[in-house]
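Heads up: the structure comes next, in structure tokens.
Only the coordinates and a few stated rules stand behind these numbers; no lab work does. In this text the structure is predicted, and so the values were computed from the model without any measurement.
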Amino acid sequence: MKASDSSEPVEALRRARQALTAGNAVAARRLARHALASNPREPDAAEARELLRRADVAWPLLVYGAVAAVCFLLLVLLAIVRSAHP
């Protein structure tokens, strides 16, 4: 193993932390996955898994938002239908 091979996951993790701090969750997930794929030491692997967990998409929040949007659209359609028939 070359010295650059052992520093590659560390560099990817550093860049993933920077991306997450800057608000770029997509890049943070990509870099953390890259760090995990390069077989890092256990502390680095644990940090990469933690970064992946923190940068994950909040699926329940998206579902609640979609339900709220559908309810809003139904209320708008109801208001349009009721205003058309006096």
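Computed from Cα positions, the angle between helix 42-54 and the longest principal axis of the chain comes to roughly 10 degrees. In terms of overall dimensions, the chain has a Cα radius of gyration and Dmax of 22.1, 80 angstrom.
Angle of helix 25-37 to the longest C-alpha principal axis of the chain, folded into 0 to 90 degrees and rounded to 10: 40°. Using just its DSSP H runs of length 4 or more, each adding -39500 (n - 2.57), the chain gives a mean residue ellipticity at 222 nm of -28000 deg cm²/dmol after division by all residues. Normalised by the number of residues in the chain, the mean separation of alpha-carbon contacts (under 8 Å, six or more apart) gives a relative contact order of 25 percent.
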